[in-house]
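Encoded as structure tokens, the structure appears first; notes follow it.
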Amino acid sequence: MSQPHHLNNSQPEVSPHTADKAHGPLPSASSAQTGYQDGGQETVRQTNRQTSRVVEHSAQSAENDGISLTSGGDCCPYLAADSPTAQPRPGPAGGDALTASSSSPDAAAVATASPAPPRRLTRRQLAEVAQQLAERDWQLLELLAAHRLATTRQLARLDNQVHASAAARLRQANRHLNRLYEFGLVERLPRRIGGVRRGSAGMVWYLRPAGWRLSNPAARPRRINQPSPLFVLHTLAITETRALIHEAMRAIGGWLSWVRTEPACWRSWTLVSGARRWLKPDLEAVTTTREGDEDHWLLEIDLGSEHPARLLATCHDYQDHLDSGIEQAATGGYYPQVVWAMDDAGRAHQLRQAIADDPGLNTALFRVVTVEELPRLIQRGAG
């Protein structure tokens, strides 16, 4: 049986171009956007109760700031800005933009997007706006293009610049987001995550069509039209996971060197029968330590909305993909570490035990942790 990468002594350098060769054609962005919008009201209520820690952790991290501790989706794969090898990306109008580093929430309140200002920018107007954007403006556009939804606080935490305090970082993010809003490039959902008391830090942002055209002219815009509460919570949980990894690596002098969101991080392979199989992680990341050691991660974020049997079936999908050898052929012999980030400790224990009891699964392939345990796992590495 093939082994995951942390059991090998040799780990070749990870490259986005190398990884793309193994993944095959990707599904359309529209198919990915609707992937988490199904489910009845009971599922939504259950998810709302169980996901408070995922969203609230964003506020706690910035307020504590004692840990000081990015994603390119299919629209904009890029190196993280906190990587020493990150390169500037030319803006559409000649400017340069560095790529980004990357109480229960009132889910019902964020179910419907607020009406966008009746403003459509012409090509000439868009070029004029692009000339006025600062480096941080471009970073925010690319983060929203990659993650679709993010709160003000999450976007502030993904800023690599040095600030006097977490509050100063948050104020700067809010200032730039309001600037992009006035330009007609971004929009916000009508209610804040965490309630009114969270203020602007709880605002949920997404790109308007003009913002999509600037961040990646070749990509088809992902429109956010009346997203379901489950979709909003899951999408924000993925953004939160990226922020946690980013903070965890910076705390030990490392960095998040490469990241991709769905559907760009999905894999497909063909069986002998001709049937096509899919592997659909929520997030893919490569982290680098201060010494230059790399770890490659495939992350699944669980909010308690899926039956445990479905989670185990997904584990078998990863095992089948590992056994196919396709990933190893593209990466030089290693396989990424699969991580389940669970919102509930009981479900984490249940899945961990189910994996250990299943003779068809290689237990070394999987790490099952809670959201609170994820930063420590990332800092320790896949080994």
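The values are calculated or read from the model by the stated rules, or taken from the named source; none is laboratory data. Model, not experiment: these values are computed from the prediction. A quick note on method: Cβ atoms are made from the backbone with ideal geometry, for glycine too, and the neighbour counts reach across all protein chains shown.
Below are the figures for this structure:
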{"quantity": "Per-region count, the stretch 271-294, residues out of contact with any Ser or Thr (no Cβ under 8 Å at 6 or more places or on another chain) and basic (Lys, Arg)", "calculated": "2"}
{"quantity": "Matching entry among ALA237, ALA201 (being modelled with pLDDT under 95, out of contact with any Cys (no Cβ under 8 Å at 6 or more places or on another chain), within 30 Å of GLN379 (Cα to Cα) and not basic (Lys, Arg))", "calculated": "ALA201"}
{"quantity": "The stretch 148-171, residues that are within 22 Å of the chain's Cα centre (by Cα) and assigned to a helix (DSSP H, G or I)", "calculated": "THR152, ARG153, GLN154, LEU155, ALA156, ARG157, ALA166, ARG169, LEU170"}
{"quantity": "Near pairs, Cβ below 9 angstrom, 6+ apart or cross-chain, from the stretch 346-375 (outside any loop (DSSP other than H, G, I, E, B)) to any residue that is acidic (Asp, Glu) and buried (at least 20 other Cβ atoms within 10 Å of the Cβ)", "calculated": "ARG347/ASP302; ALA348/ASP302; LEU351/ASP302; THR370/ASP343; PRO375/GLU247"}
{"quantity": "Odd one out for HIS246, checked against (1) touching a Leu at 6+ places or on another chain (Cβ under 7 Å); (2) over 23 Å from ARG380 (Cα atoms); (3) buried (at least 24 other Cβ atoms within 10 Å of the Cβ)", "calculated": "(2)"}
{"quantity": "Subset tally (residues that are crowded, with 22+ Cβ neighbours inside 10 Å and in contact with a strand residue (DSSP E or B) (Cβ under 9 Å, 6 or more places away or on another chain)) for the stretch 157-186", "calculated": "5"}
{"quantity": "Test: ARG148 is of a type in the set (D, E, K, R) and at pLDDT below 90", "calculated": "no"}
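Residues are listed down the side, and each one gets a yes or a no for (1) among the aliphatic types (A, V, I, L, M); (2) under 22 Å from the mean Cα position of the chain (by Cα):
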| site | (1), (2) |
| --- | --- |
| CYS315 | no, yes |
| VAL338 | yes, yes |
| MET342 | yes, yes |
| GLN350 | no, no |
